[in-house]
Amino acid sequence: MAFYILKRLGVMLAVLTVTSILAFLLLHLSGDPAATMAGDGASPEDVRVIRDAYGFDRPLPVQYLDWVGGLFQGDFGRSYYLRTDVAELLPERLAVTATLGVAALAFALVLSITLGVAAALRPNTIIDRFALWLAVAGQAMPSFLVAIGLMYVFGVWLRVLPISGGDTWQHFILPVVALGYYATPSIMRLTRSGMMEALQSDHVRTARAYGLSPWRVVIRHALRHAIAPIVSIAAVEMGFMLGGSIIVESVFSLKGIGYLAWESIQRADIQVIQAILLVIAAAYAVLTLAADLLNAALDPRIRVS
């Protein structure tokens, strides 16, 4: 198990290294960052001042090494537009996005696993068809359309939930449903197929032959056998929610990291964009590592392979 953990840590570090290089190069090779930050109406003197202040006149390898060295010291750079350290901007915004992502993933898991298990236990029935229809609808509709529909029904028509801001927990209900529903189809289909395969396996038939209760057979034997791929895809979906929540946050005016990324792109705030890309990549890597380790703990065959 120790070798497996070290191997996965090595992969995670390699991914983060490559991602940091790409994040740095993409923003620097897309044009002159000093001219981009200065704006269209800036004079050559303004561009020169910005280039000197941020060290854009130095070789790219030197800039990259200085940037990475600052990251190890907790220095993510300084926002050109907001005139503040990026490290001071991220925690509050990350807290909003993390709250939204965790709640949305919990909603998606509860809904999709419940529907997936029910559909597997009653194939080709109205429950199965309803679950498949819900999955198809969730995959076909973009998250912004679901968000706008929820806003109209519960905020404008029924007037039971707020549709903008994040001051109270009620403000997160509609964004959580909109973001979580988008992750439901893949988890639900995976749960359904995994459960149908597990219910036909030998160890489940043996458990039934021993006279165990139906729910014990379903939960302890069948669902445990089918849970490994669900853990993996849940980690991927959580990473997507952290990185792809920009649309939902923009629709509901939630001041999370996705909304900050959208604002920073509009302002050409390069330091903030770089930090956000690296933080999202690190979240993906850590979540994937956690899913791999959890799967290895649940299924010893993964450790052996």
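The values are calculated or read from the model by the stated rules, or taken from the named source; none is laboratory data. Quick caveat, the model's predicted, so the values are computed rather than measured. Note that we place each Cβ from the backbone using ideal geometry, even for glycine, and neighbour counts take in every protein chain shown.
General observations
- Test: residue in the stretch 201-220 that is in the same structural domain as Val177 (by TED's automatic domain parsing), more than 30 Å from Ser20 (Cα to Cα) and either touching a residue at least 60 places away in the same chain (Cβ under 8 Å) or buried (at least 22 other Cβ atoms within 10 Å of the Cβ) (or both): yes
- Matching residues, the stretch 93-118, being in contact (Cβ under 8 Å) with a residue 24 or more places away in the chain, of a type outside the set (Val, Ile, Thr) and more than 16 Å from Ile230 (Cα to Cα): Arg93, Leu94, Ala98, Leu100, Gly101, Ala103
- Of all residues in the stretch 261-295 being in contact with a Ser or Thr (Cβ under 9 Å, 6 or more places away or on another chain), farther than 22 Å from Val236 by Cβ and β-branched (Val, Ile, Thr), the one that is surrounded by the most Cβ atoms within 10 Å (Cβ to Cβ): Val272
- Output for the stretch 243-260, where each listed residue is surrounded by 24 or more Cβ atoms within 10 Å (Cβ to Cβ) and either assigned to a helix (DSSP H, G or I) or modelled with pLDDT under 85 (or both): Ser245, Val248, Glu249, Phe252, Ile257, Gly258, Leu260
- Qualifying residue in the stretch 114-123 (condition: assigned by TED's automatic domain parsing to the domain that holds Leu242, among the charged types (D, E, K, R) and not in a helix (DSSP H, G or I)): yes
- When the stretch 261-289 is filtered for residues that are modelled with pLDDT under 80 and among the small types (Gly, Ala, Ser), only Ala268 remains.
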